[in-house]
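The next block holds one structure in the form of structure tokens; read it before the comments.
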Amino acid sequence: MFSSIAKRNLTQSLKTRSFASVASTDAGLPKKYGGKYTVTLIPGDGVGKEITSSVQEIFKNVGVPVEFEKIDVSGLPSDGKKADQITEAVESLKRNKIGLKGILYTPNDAINKSLNVALRKELDIFASLVLIKNIPGVDTKLKDIDFVLVRENTEGEYSGLEHQSVPGVVESLKIVTKYKTERIARFAFDFALKNDRKLVTAIHKANIMKLADGLFRQTVKDIGASEYPQIEVKDMIVDNSSMQAVSWPQQFDIMVTPNLYGSILSNIGAALVGGPGLVPGANFGREHAVFEPGCRHVGLDIKDKNVANPTAMILSSTMMLRHLGLNSYADVISQATYDVLKEGKIRTPDIGGNSTTTEFTKAILSKL
């Protein structure tokens, strides 16, 4: 029942464990045309254009056999017809199967819906994967952090079903289904099995939401016990897991979460290892995969200032390359990125330096 595309493309060998890595070993992927893969590129809002341009420059320099089909989509209220933009993006991803994406802005008003959510629902991109790991050269208070967040992408509090029953009273429906919980649980356990991970922790609030989160908690534990007996299964209440994440993050291996809790914990995780500019991520569906920074910050305040850290986007792009089976390209690009960070001579402001996005990119190119 688990997505064959996602299952085939989760394998990561121990040899590449130190890299931001989701590798592919199977042919169930987009076809090459003229020796190249075509990938949908959605720069997004805020700093998206700057950090995706960094990836494009690196790919060109290395000769990566990927051509980008650029689709301009924006969540900003002043940027045109959202429905037409999302339709164009969806059609491109249906053709290409693979996407590289910046973060789309989501307004707080009641009229404009989240294009990030719409894109995931249109293509049933149900699993979000975020890698939280210390990077040598980036000093943090806590060390030896290496855990994975697996987040259900399509239901929970993000179901988008809410209404005002009477003035001043809003009802918002949180949808949790056994089918989608089983699906995300199998995704998490498959990832654990193929990546030498030993523990899956289900994050929930079943002490209060006894039916919805109770179903999520029990389903994850049942799938683990019946189908993956070699993987240890635990569960933890979300508020406690947030505290544990900032006091003893080393206890976690894989955390599998409903939608909202995964969003919160990805931000906590990013803060633990140096900030949103360092955390890579990916999203998987039955037939499609979209790679984007794991901590979804738009960066409108630093847009066009040439100070954004492109690391998260670069490492997300190397995850994409491994998904395509282009491991050698992924290895040299990720290693060059880690080398620049480890040396510490070129640092963007978010990690204590004063270098520009352009200078950081050039430093990586010099390593290549």
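The values are calculated or read from the model by the stated rules, or taken from the named source; none is laboratory data. Only a predicted model underlies this, so the values are computations on that prediction, with no experimental measurement involved. Don't worry about glycine lacking a Cβ; one is built from the backbone with ideal geometry, like all the others, and counts go over all protein chains shown.
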Next on the checklist: Checking residue 144 against (1) in contact with a strand residue (DSSP E or B) (Cβ under 9 Å, 6 or more places away or on another chain); (2) more than 22 Å from residue 179 (Cα to Cα); (3) at pLDDT 90 or above; (4) not in a strand (DSSP E or B), only one condition comes out false. Which one?
Outcome noted: (1)
Next on the checklist: Just checking, does segment 152-168 include any residue being of a type in the set (Val, Ile, Thr) and within 26 Å of residue 40 (Cβ to Cβ)?
Outcome noted: yes
Checklist outcome for this item: Residue hits (segment 117-132; farther than 13 Å from residue 282 by Cβ and touching a residue at least 60 places away in the same chain (Cβ under 8 Å)) are 119, 123, 124, 132
Checklist entry - When you go through (1) part of a helix (DSSP H, G or I); (2) of a type outside the set (A, V, I, L, M, F, W, C); (3) in contact (Cβ under 8 Å) with a residue 24 or more places away in the chain one by one for residue 214, which number turns out not to apply? => result (3)
Next on the checklist: I'd like to know if segment 175-189 contains one or more residues that are assigned to a loop (DSSP other than H, G, I, E, B) and loosely packed, with under 11 Cβ neighbours inside 10 Å.
Outcome noted: no
Item to check | Residues (closer than 26 Å to residue 271 by Cα, buried (at least 16 other Cβ atoms within 10 Å of the Cβ) and polar (S, T, N, Q)) located in segment 209-243 | outcome: 241, 242
Checklist outcome for this item: Within segment 147-174, restricting to residues that are assigned to a strand (DSSP E or B) and among the small types (Gly, Ala, Ser), the one that is farthest from residue 319 (Cα to Cα) is 165
Item to check | Residue tally, condition in contact with a Leu (Cβ under 9 Å, 6 or more places away or on another chain) and buried (at least 16 other Cβ atoms within 10 Å of the Cβ), over segment 196-208 | outcome: 2
Checklist entry - So which residues in segment 298-349 are of a type in the set (Lys, Arg) and buried (at least 24 other Cβ atoms within 10 Å of the Cβ), if there are any at all? => result 322
Checklist entry - If you go through segment 176-195, how many residues are in contact with a Leu (Cβ under 7 Å, 6 or more places away or on another chain) and at pLDDT below 95? => result 1
